[in-house]
1. Is region 285-303 home to any residue that is farther than 16 Å from Pro207 by Cα, modelled with pLDDT of 95 or more and in a strand (DSSP E or B)?
2. Restricting to region 180-233, name every residue that is touching an Asp or Glu at 6+ places or on another chain (Cβ under 9 Å) and in a strand (DSSP E or B).
3. Name the residues in region 353-369 that are surrounded by fewer than 22 Cβ atoms within 10 Å (Cβ to Cβ) and within 23 Å of Gly223 (Cα to Cα), would you?
4. Please name all residue pairs, on different chains or six or more residues apart, with Cβ atoms under 8 Å, provided the first residue is in region 245-256 and is under 15 Å from Leu471 (Cα atoms) and the second residue is of a type in the set (S, T, N, Q) and in a loop (DSSP other than H, G, I, E, B).
5. Select, from Ala107, Ala97, Ala87, the only residue that is small (Gly, Ala, Ser), out of contact with any Leu (no Cβ under 7 Å at 6 or more places or on another chain) and under 19 Å from His14 (Cβ atoms).
6. Hey, does region 233-243 have a residue that's within 24 Å of Val102 (Cβ to Cβ) and touching a Leu at 6+ places or on another chain (Cβ under 9 Å)?
7. Given the conditions (1) more than 31 Å from the chain's Cα centre (by Cα); (2) exposed (fewer than 14 other Cβ atoms within 10 Å of the Cβ); (3) not aliphatic (A, V, I, L, M), report the number of the one that Arg315 does not fulfil.
8. Any residue at all in region 122-135 that's without any contact (Cβ under 8 Å) to a residue 60 or more places away in the chain, more than 16 Å from Thr457 (Cβ to Cβ) and either surrounded by fewer than 24 Cβ atoms within 10 Å (Cβ to Cβ) or touching a Leu at 6+ places or on another chain (Cβ under 6 Å) (or both)?
Amino acid sequence: MSAINVLVIGVGPHTRLNHLPTLAAAQEAGLAGTLTGIDLPHVASKRVEYGTSCRPRQMPVIAVEAFPASRSGLPHRVRRVLDDVVAREQVGAVLVATEPSVHMPYALWAIQRGLPVLLDKPLTVHPGASTDPVAAMAIADDFDTLLDAYRRACQRDPRMVVSVLSQRRWHPAFRTMRELVAEVAEVTNCPITSIQSSHGDGQWRLPDELVDISYHGFDRGYGKASHSGYHHFDTVPWLLAAGESPGKEIDEVEVHAACTRPVDSLAQLTVADHERLVPGFAARNPYSAADLEQLTAGFGEIDVFLNVAYRSHGRMMTLASSNLAHSTFSQRNILHPDTSGLYKGNGRIGQETHIVQQGPFQALHLHVLQTLHGAQEGIDPTEAGGADHVALHVFRNNRLRPDWERHRTLHFADLVQGAGPAAVLPTQRSARAGAITEFLTHLTSSTPRTELTSDLTDHRRSARLMAAAYLSMAHRFTSGRSVTARLDFHRLPNLATDRTLTALGAVR
């Protein structure tokens, strides 16, 4: 097949930093044809340049009007613009990378049109998800709606595909972990018995920026769990599935969430603290402590810690924790953020760990750490001492199985998968590029859908885990009580809308 013309819906900082370089490379490789952007008028009015200095490119961006995020379908005027672009540019695929509260209408439009979709994470989210139980529930319902539309589209055209860009599925360290879990499960029939995951991105958002900077902010009633939390909501069930076996399939999950919101953050480091610590802040800040408390009253989560129990036939199969935080170690030392608006750079330092226990047989410790804020400082992550430090420690019971190695450590070079230009490095950037490349390669080579790494049908658990986390947060916000959310967690998705998501009483 010929190169695929791609419609890129949403061309903000995330797309420009993460997607356009890979799409430029795909154009060079003959996988992608023309690129056409869709965004709001204030974005469409400015030139969008991408590519390399040797071969600069410019992407036309078509303006569409903003519409309420509560809509499940596109307004007629927006649909008409998109339909015209698809016909005029002979679009063959759609990348949805908008603000996530409008993922649903754009993705649903593309699926119903029979256009293959690469859907950025999270699948969907709704304003007020962490403060309104109904909005939290809608995340689970959205998946059912998308799945139903996807299956109908596949009946019309078996070549139809929807892939979810949850890039850790392509990351060599995570792929290796999953293979190691499956290997031990095959020998022992032991699932993952516990998993501890954490992610911190070192974002230091000053008090006035909580109100004034909306991009990747908290003013829509959601926060960290939507910004990057979906990676963990997806990665953990994906790892657990590698250890499941007949009779030990997870069918239910309980989630208890505790989170900090801006009002809590402003108690941890007060306005007065910031005035003392940050030169120039007092002169810039127009808000008093009382102003900020009132203005941020319904804002979403900054940090959220989850206790999770995975059950099989009523029995506890896996205990887990997922700790997701913006407020972690940072290297920020400037008053005014650069043009990325705190999305990247500005001293942000990533910390991610996963500790997996597989009964008495295996323990995996993955540490993905940054010591510098990466590309913004011109650091080559593949070089020793670079920005990304990756180590996967593998422990096995070699007294029981002498053919097992007691301990080994896999570093950056050990985890690189593939060779030459197609190699996937153990970095988020390279893994994300692998997701886009796989999607376009599938469309141009007609490889079976079963070979896709992240097909939509495999994201039911991820969506429901995210919904449960928000449901627990929202019930606590509205009732003031500690609440656990329980939901059905069967792996195979159903066409019928499943409304088994419920909230339990206070947890002591």
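The values are calculated or read from the model by the stated rules, or taken from the named source; none is laboratory data. Bear in mind that the values here come from a model prediction, so they are computed numbers and not experimental data. Here the Cβ positions follow ideal geometry from the backbone for every residue, glycine too, while neighbour counts run over all protein chains shown.
1. Scanning region 285-303 turns up no residue that is farther than 16 Å from Pro207 by Cα, modelled with pLDDT of 95 or more and in a strand (DSSP E or B).
2. Ser197, Ser198, His199, Gly200, listed by residue number.
3. Thr353, Leu369
4. Pairs that qualify, where the first residue is under 15 Å from Leu471 (Cα atoms) and the partner is of a type in the set (S, T, N, Q) and in a loop (DSSP other than H, G, I, E, B), are His256/Ser482.
5. Ala97
6. Yes, there is a match, as at least one residue in region 233-243 is within 24 Å of Val102 (Cβ to Cβ) and touching a Leu at 6+ places or on another chain (Cβ under 9 Å).
7. (1)
8. Scanning region 122-135, I find at least one residue that is without any contact (Cβ under 8 Å) to a residue 60 or more places away in the chain, more than 16 Å from Thr457 (Cβ to Cβ) and either surrounded by fewer than 24 Cβ atoms within 10 Å (Cβ to Cβ) or touching a Leu at 6+ places or on another chain (Cβ under 6 Å) (or both), so the answer is yes.
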